[in-house]
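The values are calculated or read from the model by the stated rules, or taken from the named source; none is laboratory data. Worth saying up front: this structure is predicted, and the values here are computed from it rather than measured. Every residue, glycine among them, receives a Cβ derived from its backbone with ideal geometry; neighbour counts consider all protein chains shown.
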């Protein structure tokens, strides 16, 4: 095996992280749609490609015809040549290295993957990963710190000192060189780090980490993620906050309308768009840049067309359908109005979701963050103006109108970035111009074959907590309004441990990819310690500020009292919620998302929700009963996920990672 297999920069994307979905409550991100794309279904997709394009196996196949009609053929030919479809039917993990699963910008190497003329995947060395390797070598006294001394005397002394250190004496001439371009400092460049790393592995030297190092790395990686998720979630928080002071009925209606929009619209859209995570990544990896743009336009068009009947239902039947589930007719009327206005912004949301993936497959992850950084505050201002302003405010309907406008602004912002960016990747190279209408439904079955598992996954994530909203609606308007506030506080508190869990998953996956299992254990323990610190802090803040949180969202005394009485349960839940998030992150890093998924489904649907129903409706625990059930579910999830994380054959996980890396090298 090549010593490259021990490099962080060789870590497989499939092992690095998972796709993130943000629900209205924020309990997300345990497993990915790709995990449910079986080898059988993947091979079926390849069979369909070959059946439709039998000439794609020919090296001469391809070329772009009129209106880009032959772009799919060109892509199929390249993938057939680069992957050798005919000989890969029995490879159950072949599809995984092709999937760009890391979507939200925390360390994906998808932009560094290409298929060259010898049909091999090659990765460029990733600066941040090399820096992490350098830090570990320094911690283990295998490399001296990078410094910039202002005198040659310091440099010479360090050089002489290093000669006496047996652990690096063989590498010292490779490690240090004079940087004549800057200030005469001593630098450890990328090749030096790799050379020392390989030498350490070959010599059997142990590379370990410390709790301090992992504490720093996890926090450093989690900090920007928290702001992204906070900005993303603030879009819905602004609507709840602006409407909550209008009255209990309005707050309950916006919660019910948002829930219905999530389940019947947003979740389906996000699920459909997940097909681009595979298709665009494959096309970009094959350097078929025009096909990336074709897939983007095709998915956007199909998703918009698919949403038209849903929009019609929102406009015409939503009130009738909601009346079958919700006893209060007034709530159904207001929720139906919310859906009608929200429908106006859904096409913008579709374009944003597709455009985000269009850029991310090219390695441009910061664009969506920049857009959210602008649009999230704009959404808050729009909510105030459209709901409360004396001159242009329209009351309750201003909240969904603000969200609809924000969705369109997000799409326009992403388009503006794409057209004006000076990014060296030049995203416009992937735009072939508007596709012909005949291209829209070309190969649409293959797109849906990838999208349907994503839809199922996202819907399962959404339904878990949204069922509680329906339960709360049956308890009464006050309970429904209170549920909206408690859920909002829970989601805001969850963003911190969730960000830590993502940073943890990436770090654990890096160590496994580098065949270092002892640092994995240190990382997992560090993340659990951080989760305890976060949960304790959240618990104290929620407990001491429960009345302030309640009055921040509502002036109704009944709502304030019920929220204040429920928030102590939510505070207690933080201990298990944070532990659940971090253990889920550890499982993602280990590549064992399915185990977490099974635990998740069992805990919520077979324990949590049934207990919530019994306590709320048969034992008169009211709203508190709903959250006691969720606490029980989280306790089970935390316990079993914790056991799964630390009771694992680390060597087996490392061997699996090696096999996957070997597959990439053999392509």
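Counting the residues of the range 402-438 that are over 14 Å from residue 364 (Cα atoms) and either more than 27 Å from the chain's Cα centre (by Cα) or outside any helix (DSSP H, G or I) (or both) gives 8. Annotation: residue 377 fulfils all but one of (1) part of a helix (DSSP H, G or I); (2) touching a residue at least 12 places away in the same chain (Cβ under 8 Å); (3) surrounded by fewer than 18 Cβ atoms within 10 Å (Cβ to Cβ); the unmet one is (2).
Is it true that residue 625 is in a helix (DSSP H, G or I) and touching a residue at least 24 places away in the same chain (Cβ under 8 Å)? So residue 625 fails the test.
If only one of 304, 346, 370 is farther than 23 Å from residue 243 by Cβ and over 20 Å from the mean Cα position of the chain (by Cα), which one is it?
Values: 346 fails: farther than 23 Å from residue 243 by Cβ; 370 fails: over 20 Å from the mean Cα position of the chain (by Cα).
Answer to the selection: 304.
Scanning the range 307-332 for residues that are surrounded by 15 or more Cβ atoms within 10 Å (Cβ to Cβ) and in contact with a helix residue (DSSP H, G or I) (Cβ under 7 Å, 6 or more places away or on another chain) yields 307, 310, 311, 314, 318, 319, 322, 323, 326, 328, 331, 332.
Results for (1) touching a strand residue (DSSP E or B) at 6+ places or on another chain (Cβ under 6 Å); (2) assigned by TED's automatic domain parsing to the domain that holds residue 374; (3) modelled with pLDDT under 85, shown as yes or no for each residue.
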site	(1), (2), (3)
196	no, no, yes
212	no, no, no
220	no, no, no
224	no, no, yes
258	no, yes, no
261	no, yes, no
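Could you say whether any residue in the range 286-303 is in the same structural domain as residue 251 (by TED's automatic domain parsing), without any contact (Cβ under 8 Å) to a residue 12 or more places away in the chain, surrounded by fewer than 23 Cβ atoms within 10 Å (Cβ to Cβ) and in a helix (DSSP H, G or I)? Give the derivation first.
In the first step, residues of the range 286-303 are kept if they are in the same structural domain as residue 251 (by TED's automatic domain parsing); the result is 286-303.
Subsequent filtering for residues that are without any contact (Cβ under 8 Å) to a residue 12 or more places away in the chain retains none.
Scanning the range 286-303 turns up no residue that is in the same structural domain as residue 251 (by TED's automatic domain parsing), without any contact (Cβ under 8 Å) to a residue 12 or more places away in the chain, surrounded by fewer than 23 Cβ atoms within 10 Å (Cβ to Cβ) and in a helix (DSSP H, G or I).
Reported count of residues in the range 345-372, each being over 24 Å from residue 262 (Cβ atoms) and not in a loop (DSSP other than H, G, I, E, B), is 4. Taking the options 576, 602, 646, 617, name whichever one is at pLDDT 90 or above, under 27 Å from residue 456 (Cα atoms) and surrounded by fewer than 18 Cβ atoms within 10 Å (Cβ to Cβ). Just a single option satisfies the conditions, and that option is 602.
The residue that is nearest to residue 377 (Cα to Cα), counting only those in the range 203-219 that are assigned to a helix (DSSP H, G or I) and without any contact (Cβ under 8 Å) to a residue 60 or more places away in the chain, is 216.
Does residue 521 qualify as being in contact with a helix residue (DSSP H, G or I) (Cβ under 9 Å, 6 or more places away or on another chain), closer than 23 Å to residue 211 by Cβ and surrounded by fewer than 20 Cβ atoms within 10 Å (Cβ to Cβ)?
Details: in contact with a helix residue (DSSP H, G or I) (Cβ under 9 Å, 6 or more places away or on another chain): yes; closer than 23 Å to residue 211 by Cβ: yes; surrounded by fewer than 20 Cβ atoms within 10 Å (Cβ to Cβ): yes.
Yes; evaluated as a whole, the condition is true for this residue.
Yes/no matrix, rows are residues, columns are (1) surrounded by 21 or more Cβ atoms within 10 Å (Cβ to Cβ); (2) over 18 Å from residue 346 (Cα atoms); (3) in contact with a strand residue (DSSP E or B) (Cβ under 7 Å, 6 or more places away or on another chain):
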{"residue": "234", "(1), (2), (3)": "no, no, no"}
{"residue": "240", "(1), (2), (3)": "yes, yes, no"}
{"residue": "246", "(1), (2), (3)": "no, yes, no"}
{"residue": "268", "(1), (2), (3)": "yes, no, no"}
{"residue": "274", "(1), (2), (3)": "yes, no, no"}
{"residue": "281", "(1), (2), (3)": "yes, yes, no"}
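Within the range 475-553, considering only helices (runs of 4 or more DSSP H) that don't extend past its boundaries, which have at least 2 residues that are over 24 Å from residue 638 (Cα atoms), in the same structural domain as residue 564 (by TED's automatic domain parsing) and at pLDDT 90 or above?
Working: elements: 477-513, 517-544, 546-553.
It comes to 477-513, 546-553.
Out of 607, 563, I need the residue that is at pLDDT 90 or above, touching a helix residue (DSSP H, G or I) at 6+ places or on another chain (Cβ under 7 Å) and surrounded by fewer than 24 Cβ atoms within 10 Å (Cβ to Cβ). Which one?
Working: 563 fails: surrounded by fewer than 24 Cβ atoms within 10 Å (Cβ to Cβ).
607 is the lone residue from the list that is at pLDDT 90 or above, touching a helix residue (DSSP H, G or I) at 6+ places or on another chain (Cβ under 7 Å) and surrounded by fewer than 24 Cβ atoms within 10 Å (Cβ to Cβ).
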